[in-house]
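Trainee: Sharing a structure here in structure tokens format.
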Amino acid sequence: MTVAVVCGAALGGGVPAAQAGTAGSPAPTGGQEARQAARFWTAQRMADARPLDGGRTAPGGTGPGVAAAGRPQGTVFKGTPLVGTFFGSDGPGGTTWHCTGSVIDTSVRNVVLTAAHCALNMKGDYIFVPQFAQGAGPDQQPYGIFHIQHVYIDPRYAPDKGSSTTKGASSDLDTAFARVSANQKGQSLEDAVGGGLTFTRAGGYTHNNVTVVGYPSYQHNSTGQAVKCTVPTTQLPGYRQMAMTCGGYYGGTSGSPWITDYQDGARTGHVIGNLGGYNGGGNDANVDYVSYAPAFGADAANLLADAVAGQDPPSGLPPYQGLQLPGGAARWQKATLMASADYTGDHLGDLLVVWSDGGVTLYPGDGQGAFGAEERLLKANSTWTHARSITGGTFGGTRPGLLVRWSDGEVTLYPALGTSGVGREVQMAKPNSDWKNVVQLTAGQFHGAKGATDLLARRSDGSLLLYTGISSGSFGTPKRLLGANGTWSKAALLTGGALKGTAGADLLVRWSDGSLDSCTGVSAAGLGTRSRLVGPNGTWQHAQVMTTGDLTSDHTGNDLVVRWSDGETSLYAETGPKALGAENTLVLPGT
């Protein structure tokens, strides 16, 4: 939840604050810093500590363990060795009770996870207390106290002016790690508590059972106990963040680990996020029990690697763009065609868009369902306004290209398309050819070869033709899969993919009535097995453009991108032959 961090004061009582160690410096092992801090952090001072976010109320308005409106409610308990709280002396009124942290299992055995908005101003006067016990002094705490040596925050995390939190895209990066020194006995953090949580990439936003453990602020938690809640998670639309509904997560719970296999007293578990993110981890209204967490992916993994190596993250990176594609829904209403392939050569799928003004742009994929900065391949022009169907595939070459069918029936191949431009053009069919009757194109792996080397074409009369053995300038020999028919003339959109996760010989079809079907095992022998993912409906009639690619962490071409009539754009990650994947919003409606 939101915490307003104030920096400055050193430890009182005549004991100077130990200075934060520099990146790369080893954490002291003798416990000297912890013993020094223990002289200041008496039981009374910890009991008197007040949260910097003391005026903040979290969703729900009632204390932990109090049911309200039938919603899940966190329950207080004695805590777990792997989760604790921070104390500092930088508050305007004295000592502060500040956020939640958890022990991460690493080779250096001294790393704590929390939220970036908590760690922004942690200096040498902060301590971490695992399984904090209210009323106990430092030497009576179950595992002692651990002095903060150095904090690691992604430099692209950009709080709003005058705040430590943000509602912007960089709230996805609201994760931090801290290196700590030994406790009073000279024990490392993991040796003292007996283990640590395993950092784990979230692999999506929808999870059935995630346990969130944290320490609410004193104002709402006079016992000083931890709160826990096990609930399902969903996506915060437009962000690389998970959302959960449970009351009792007041200020102070920021940084709380989101654990997929939690057990009381366990010294292990898998953590996929930390409470934080949008608005510091809490919704705007603060009345509906919703909390957020960045879903761990490559960015958090890289940050942890920096913490383990004892090196600060690289600076000078471009601003973080986030999950949302730039431009807003009004602009994306003008995205007339889309294709996906590895156009940057990094073995990750990218998204190519042709706009209504003829402009062509490329969005490099990061392999986690998000995209890098927009690359403009062509500015607005009259030629590309005549593109009627496109598909990306490896057609007779060694790298993915782009195939385009134009309004006059000409078909051209761009075999060297990349971030520097569309590259050279190869004519595949002449203007006014019979290809003028081809309504849709999609590439696929329809004869068992590696890569999307084949082409499926639907003609206006509903017939389907499969082209294999394509080379530069030639479509090879076509195979007619279906003759003219009334059913396939109603196929509004189609795209090839790898829905079974092992090959690209599959097809998704959006019909004119809004239903969505898959055809798995498409080959020269036929269309394989047909399954219904979505029945006839009004919603999917608004799907205007669709493509499939390798855009998420499973590195399979089963991620479906849909541009809707209002400009909203969605990614259905890891879509299968019988069910859509989890929906991730790339472009929010009404923007």
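Trainee: Count, please, the residues in the stretch 383-398 that happen to be surrounded by fewer than 23 Cβ atoms within 10 Å (Cβ to Cβ) and modelled with pLDDT under 95.
Mentor: So the answer is 4.
Trainee: Return the residue satisfying two criteria in turn: it lies in the stretch 421-454 and is among the small types (Gly, Ala, Ser) and touching a residue at least 40 places away in the same chain (Cβ under 8 Å), and of such residues it is surrounded by the most Cβ atoms within 10 Å (Cβ to Cβ).
Mentor: Among those that are among the small types (Gly, Ala, Ser) and touching a residue at least 40 places away in the same chain (Cβ under 8 Å), it is Ala443.
Trainee: In the stretch 346-390, how many residues are in contact with a Pro (Cβ under 9 Å, 6 or more places away or on another chain), closer than 25 Å to Leu494 by Cβ and in a loop (DSSP other than H, G, I, E, B)?
Mentor: Of the residues in that region, 1 qualify.
Trainee: How about the stretch 212-223: which of its residues are hydroxyl-bearing (Ser, Thr, Tyr) and either surrounded by fewer than 20 Cβ atoms within 10 Å (Cβ to Cβ) or in a loop (DSSP other than H, G, I, E, B) (or both)?
Mentor: The answer is Tyr215, Ser217, Ser222, Thr223.
Trainee: Another question, if that's okay. Within the stretch 244-263, restricting attention to residues that are among the polar types (S, T, N, Q), farther than 22 Å from Ser170 by Cα and not in a strand (DSSP E or B), which residue is farthest from the chain's Cα centre (by Cα)?
Mentor: Per the stated criteria, the residue is Gln263.
Trainee: Kindly indicate whether any position in the stretch 452-471 is under 12 Å from Ala505 (Cβ atoms) and assigned to a loop (DSSP other than H, G, I, E, B).
Mentor: Yes, that holds for at least one residue.
Trainee: Can you tell me which residue is nearest to Thr336 (Cα to Cα) among those in the stretch 391-445 that are β-branched (Val, Ile, Thr) and outside any strand (DSSP E or B)?
Mentor: Only one residue tops the list, namely Val422.
Trainee: Out of Ala266, Ala293, which single residue is of a type outside the set (Ser, Thr, Tyr) and either in a loop (DSSP other than H, G, I, E, B) or open to solvent by 40 Å² or more (accessible area, probe 1.4 Å) (or both)?
Mentor: On the way: Ala293 fails: either in a loop (DSSP other than H, G, I, E, B) or open to solvent by 40 Å² or more (accessible area, probe 1.4 Å) (or both).
Residue meeting the stated conditions: Ala266.
Trainee: May I pose another question? Among the residues of the stretch 576-583, are any at pLDDT below 95, part of a strand (DSSP E or B) and either open to solvent by 40 Å² or more (accessible area, probe 1.4 Å) or over 23 Å from Ala443 (Cβ atoms) (or both)?
Mentor: yes
Trainee: Right, another one. Out of the stretch 224-243, which residues are crowded, with 24+ Cβ neighbours inside 10 Å and in a strand (DSSP E or B)?
Mentor: Result: Ala226, Val227, Thr233, Gln241, Met242.
Trainee: On to the next question. Would it be correct to say that Thr556 is assigned to a loop (DSSP other than H, G, I, E, B), in contact (Cβ under 8 Å) with a residue 24 or more places away in the chain and of a type outside the set (Lys, Arg)? Outline the logic, then answer.
Mentor: Numbers: assigned to a loop (DSSP other than H, G, I, E, B): yes; in contact (Cβ under 8 Å) with a residue 24 or more places away in the chain: yes; of a type outside the set (Lys, Arg): yes.
When the stated conditions are applied, Thr556 passes them.
The values are calculated or read from the model by the stated rules, or taken from the named source; none is laboratory data. These numbers come from a predicted model, not from an experiment. No Cβ is skipped: glycine too gets one built from the backbone with ideal geometry, and neighbour counts run over all protein chains shown. In case anyone asks, the SASA skips ligands and DNA or RNA and just uses the protein heavy atoms, side chains included. Shrake-Rupley method; radii C 1.70, N 1.55, O 1.52, S 1.80 Å.
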